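Since the structure comes first, as structure tokens, the remarks are kept for the end.
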Amino acid sequence: MHIDVGTVLRGTVCDLYSNLVTRPTGAAVRTAIERQVTEIGAPVVTTIDFSQVNLLDFSCADEIVAKLLLRYTSDGGPPGFLTFRGIHEGHIDPIETVLERHALALVSWHEGEAELFGYVDDDERDHWIVVRDAGPVAAEAVAQTLGVTVSFAEAQLARLVHRRLVMRSDDGYAVPGVVHGSSGPLPGNGQAVQ
């Protein structure tokens, strides 16, 4: 599922508006996004696209990015995964700040490659990179690549799954949004079930 934040913003606030500023604006956009995701019902990979957003302030980054991620990563949160796209230089500082503040991380797609932003330790980042580059991949292969024990790799991968930064299937672990056998993200309306 693909959600264009610029379109949601224009539909909830103003037809000519492309700046995400003020907490009430961010809350209105987040509520509209949550409604769209709820209507789908099935666990999917949802891509939140910031391409059409010119300006993003800290309060909107907190309302949209942090609160959506907090909802998804909480125990009993909705099924599925969030990925992001269209994050540009002007968005990075507010997004990184709220991710660090809430100890969150996200997967963002840029030019066909997944990037990891936010609060992750070195072990999580190393395991995530192996999954991104080799996925879908088994825990044993990740352990061998990193020179760690299988139990350590399994523990790190379980943390990444809990944080919704990787997904697990019968084929192993993969970064959300990757079509099996492809290096790029799912197409705009593509869906993947966990």
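Points worth noting:
- Counting only helices (runs of 4 or more DSSP H) wholly contained in region 102-164, the ones carrying 2 or more residues that are over 27 Å from His2 (Cβ atoms) and among the charged types (D, E, K, R) occupy 122-134, 150-162.
- Total residues in region 122-153, condition in contact with a helix residue (DSSP H, G or I) (Cβ under 9 Å, 6 or more places away or on another chain) and within 20 Å of Ile92 (Cβ to Cβ): 2
- Neighbours by Cβ (under 8 Å, 6+ apart or cross-chain): first from region 135-154, crowded, with 16+ Cβ neighbours inside 10 Å; second of a type outside the set (S, T, N, Q) and assigned to a loop (DSSP other than H, G, I, E, B): Gly135/Val166; Gly135/Val175; Pro136/Asp171; Pro136/His180
- Residues that are charged (D, E, K, R), at pLDDT below 80 and under 16 Å from His91 (Cβ atoms) within region 1-54 comprise just one, Asp4.
- Selection count where residues are among the hydrophobic types (A, V, I, L, M, F, W, C) and over 14 Å from the mean Cα position of the chain (by Cα), scope region 76-91: 0
- If you check Gly76, Gly80, Gly86, Gly90 for being closer than 25 Å to Arg168 by Cα and surrounded by fewer than 19 Cβ atoms within 10 Å (Cβ to Cβ), only one passes: Gly76.
- Within region 41-75, tally of residues that are outside any helix (DSSP H, G or I) and either without any contact (Cβ under 8 Å) to a residue 60 or more places away in the chain or within 11 Å of the chain's Cα centre (by Cα) (or both): 16
- Qualifying residue in region 62-81 (condition: among the hydroxyl-bearing types (Ser, Thr, Tyr) and at pLDDT 90 or above): no
The values are calculated or read from the model by the stated rules, or taken from the named source; none is laboratory data. Worth saying up front: this structure is predicted, and the values here are computed from it rather than measured. Note: ideal-geometry Cβ built from the backbone for every residue, glycine included; neighbour counts use all protein chains shown.
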